[in-house]
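Student: Before I ask anything, let me first share the structure, which is written out below as structure tokens.
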Amino acid sequence: MQKMQLITLVGKGFCRAEGENTRLDAFDRFDGKCEACKRQSSNRVLRCLATLIAACVFLLVVGNAVIAADRTTLFLPLAPEVEGSESGEGLFADVALGEQASPGWKAYRRLWQAHHADPANPGIRRFLGLPLKGDFESTAKRGRGAPRWLGWKSGSYAQVDTAHFVLYSKADREASMRVAEDLERCYWVWTQMFFPLWESSAQVSLALKDMGDDESVTSFLESSPQRITTRRKLRVVLCSNADEYRKVLGATPGVELSTGFYSDKYKTVLLFASEQDDPATRRHELVHQLFREATRSGLGRSMPATNEGFWLIEGIAGYFESLYLGPEIATVGGWDSSRLQFARYRLLVGGDSMSMDELRQDGREAAQARSDIARWYAHAILRTHQLLDGRSARDRQWVYDQLATLYKINAESASLEDELDWSGLDRSVRKFLTVDDQHLADNRVSYPIQQLCLAGCEVSETGLQTIPVSPSLQWLDLSRLPIGNAAVQRLVPEPEKLEQLNLEATRIDSGLQNWLRKATKLNEVDLSWTKMGDGAIESLSGATKITTLWMTGTQISDQSLAAILKMPDLESVDVQRTKISGAGVKQLQAGGSQLDVNPLELRTQ
Ligand SMILES: [Zn+2]
């Protein structure tokens, strides 16, 4: 049996873009799961084999420890009083590139490793310009030097200076400091990830050139004290709220939908404070700024990728939205990246693909003029993940080379002569997205997650068990996986923040009802083809925001009609192949003119 149906689901956030003379790419973060089809998965056996092979390739063993190899590990600056540790685990950016990584890059990584082994070491702190107390230093004062185009009165805002940023802020002190610190940490992470493109890479390489392979970084710096210098600070503006942000950006088209903006013209990132911190947007815009301003970009006044290849400009910024900052270590990429959940839904559930040929051909304006811009962003970011997280040093090298070309940076890295095998990458992208228990076990996440879509994957309760309890989970899609009540309850014991839940064709039953009762923020629910019955509808009575309800193939009966009709925001409900009678369906249809009843086209094969 196959069911085909267009479902339109509300997307996540919105945002942003760049360029004063182009419209804001308002759909940049509007990924959403729109235009996707509900479809039964196929080719399970083949896919299972493929993922097994992929899992073997993905496995990276360092010494005896298996480490997450589907993401890159980077160091964060530490306070001097932190106890040192040997941070030998993780796939580091230079290591991932294999022999192509320059000696300077390797030395820079060793420097960070040495900093982690001995955070108090003054020679290393001096070299990196880290404060002698704490891991982060800033000064805040009443602002007087903000750029004129902001239109801010002198003294009406704060100016926060850190080592690499100047932040003009109308937000409260706490928010300003939090943003400043995050920017500074992200800066250090980016320098390690994109060392060959960083403006100080030549300086660092030269400074550490004579450090022998076996020589300790500490003793080398004692005999040869140095310090990294940078040309100028990067400018960030933090408005107190969205209205102020919109006022500052004025007539920029699409600004009302954006949550952050990098202006190439003003060389400034613009953000606004809100109750819910939005690190993904901030880091996305920051990455645009870093490639432009923390490199020796020769773009001058022109914009990157005007004629073609714009996908990677947005792809790399979207890739950095996956940045996880732990207390000491950061990672970027990995199967749990939020953008990859949407990509899984899009590709593995909806069958929506976009070839690399199509993606590569658009320049900035062509991309921004696309009617399917949200889809275009989703694929651009997915493909960046595929190239960087897919364990191919050659693919990875291509990303560095291409970024150097797009931003006109004279990088020290070697250039590839050939293009990549684009059609091969098109063929393997589904495999890249499809994870299994082994992959989850080998690439464990140590932190709770907010979005999880494993539909179309080969994950069982064993794999799910590796994911930490995630109380802030907003979207959970485990459709068609052999998962029962207990696994769902363990993952998110209090589903208070859950907004979208898809447990179609899983092993759940009425034992999950008490749990469902607590999920009062739900707006989209799919319990189709499960053993659920009228009790499920009863337990959803507190979830007054439900707009879409799939109960196809369940045990619900006419008993549930009144409760369904009482759902105030319900727009669509499917009750085919249930115990609801023909008269019951008519009752639903008559119940509300806005209500779409049985939208699914069921076909029996
Ligand atoms: Zn962007």
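Taken together, the values in this text are just the output of simple stated rules run on the coordinates, not laboratory data. Since this is a predicted model, take the numbers as computed values, not measurements. Please note: Cβ atoms are built from the backbone with ideal geometry, for glycine as well, and neighbour counts cover all protein chains shown.
Student: Just tell me, in residue order, which DSSP H segments of the chain are both 15 angstrom or longer along the helix axis (alpha-carbon based) and at least 1.0 in mean Kyte-Doolittle hydropathy.
Tutor: What comes out of the filter, once short or polar helices are dropped, is 44-58.
Student: Along Cα→Cβ, 7 Å out, is where each label goes; now give me the distance between the ones at ALA120 and ALA140 in nm to one decimal.
Tutor: In this crude label model, ALA120 to ALA140 measures out at 3.0 nm.
Student: Another question, if that's okay. Rounded to the nearest 0.05, what FRET efficiency do LYS497 and LYS408 have when you use their Cβ-Cβ distance and R0 = 56 Å? Kindly include the intermediate steps, with their values, before the conclusion.
Tutor: Working: r = 44 Å, r/R0 = 0.79.
Using R0 = 56 Å, I get an efficiency of 0.80.
Student: Within a 10 angstrom radius of the beta carbon, how do PHE310, PHE136, PHE127 rank from fewest other beta carbons to most?
Tutor: PHE136, PHE127, PHE310
Student: On to the next question. On alpha-carbon atoms, Rg over Rh for the stretch 145-208 using Kirkwood Rh?
Tutor: Ratio of gyration radius to Kirkwood radius for the stretch 145-208: 1.12.
Student: Then there's this: What aspartates and glutamates sit close enough to LYS497 to cross-link, taking a C-alpha to C-alpha distance under 15 Å and skipping anything fewer than 8 places away on the same chain?
Tutor: ASP477, GLU524
Student: Shifting gears a bit: Taking LYS170 as the anchor, which aspartates and glutamates have their alpha carbon closer than 16 Å to its alpha carbon, excluding any fewer than eight residues away along the same chain?
Tutor: Within reach: ASP161, ASP243, GLU244, GLU275, ASP277.
Student: On to the next question. Pairs of alpha-carbon atoms within less than 8 angstrom and 6+ residues apart define the contacts here; what relative contact order does the stretch 17-431 have, in percent? Spell out each step's value before the answer.
Tutor: Working: 677 pairs, mean separation 93.1, N = 415.
Contact order relative to length: 22 percent.
Student: Could I ask something else about it? Output the antiparallel fraction of DSSP beta bridges having both residues in the chain, as a percent to the nearest 5.
Tutor: 45 percent
Student: How far apart, in nm, are two points set 7 Å out from the Cα along the Cα-to-Cβ line at GLU365 and at ALA393?
Tutor: Result for the modelled spin labels: 4.2 nm.
Student: Based on the alpha carbon coordinates of the stretch 469-603, what radius of gyration and maximum Cα-Cα distance (Dmax) apply, in Å?
Tutor: That works out to 13.9, 44 Å for Rg and Dmax.
Student: List the chymotrypsin sites (Phe, Trp or Tyr not before Pro) within the stretch 461-538 that DSSP assigns to loop and that have no more than 11 neighbouring Cβ atoms inside 10 Å. Intermediate values should be presented prior to the final figure.
Tutor: Values: sites: TRP475, TRP515, TRP529; in loops: TRP529.
Here no loop site has a sparse enough neighbourhood.
Student: Distance between Cα centroids, the stretch 428-458 to the stretch 508-585: provide it in whole Å.
Tutor: Cα centroid of the stretch 428-458 versus Cα centroid of the stretch 508-585: 29 Å apart.
Student: Which links in LYS233/LYS408; LYS408/LYS431; LYS518/LYS586; LYS209/LYS267; LYS247/LYS545; LYS531/LYS579 stretch past 24 Å when you go from one Cα to the other?
Tutor: In this structure, LYS408/LYS431; LYS518/LYS586; LYS209/LYS267; LYS247/LYS545 lie more than 24 Å apart at Cα.
Student: Further, regarding this structure: What list do you get for ASP395, ASP389 if you sort them by fewest beta carbons within 10 Å?
Tutor: Fewest to most other Cβ atoms nearby, the residues stand as ASP395, ASP389.
Student: Enumerate by residue number the GluC sites (Glu not before Pro) in the stretch 201-245 meeting two conditions: DSSP loop (anything except H, G, I, E, B), and at most 13 other Cβ atoms within 10 Å of the site's Cβ.
Tutor: Within the stretch 201-245, the qualifying GluC sites (Glu not before Pro) (loop, at most 13 other Cβ atoms within 10 Å) are GLU215.
Student: So how compact is the stretch 553-599: Cα radius of gyration and Dmax in angstrom?
Tutor: Both quantities, over Cα of the stretch 553-599: 9.5, 25 Å.
Student: Right, something else. Taking a temperature of 4 °C and a viscosity of 1.567 mPa s, what whole-number D in µm²/s does Stokes-Einstein yield for the stretch 416-545 with Rh from Kirkwood over alpha carbon pairs?
Tutor: For these conditions, the coefficient is 82 µm²/s.
Student: Remind me, what semi-axes does the stretch 17-431 give for its equivalent ellipsoid, largest first in whole Å, using sqrt of 5 times each Cα gyration tensor eigenvalue?
Tutor: Equivalent-ellipsoid dimensions as semi-axes: 32, 30, 19 Å.
Student: Another question, if that's okay. Pop out the ³J(HN,Hα) list for the stretch 253-259 in order, Karplus 6.51 cos²θ - 1.76 cosθ + 1.60 with θ = phi - 60°, rounded to Hz; leave Gly and Pro as x.
Tutor: x, x, 4, 5, 9, 8, 10
Student: Now a separate question. Sequence-distant or interchain residues sharing an amide H contact under 5 Å with PHE75, placed H: which?
Tutor: ALA330
Student: Can you list the trypsin sites (Lys or Arg not before Pro) in the stretch 89-144 that are in a DSSP coil and have 13 or fewer other beta carbons within 10 angstrom?
Tutor: Those satisfying the criteria are LYS133, ARG144.
Student: From the helices alone, meaning DSSP H stretches of at least four residues, give me the mean residue ellipticity at 222 nm for the chain, per-run term -39500 (n - 2.57), in deg cm²/dmol to the nearest 500.
Tutor: On the way: 23 runs with 214 residues, N = 605.
The helix-only estimate for the chain comes to -10000 deg cm²/dmol at 222 nm.
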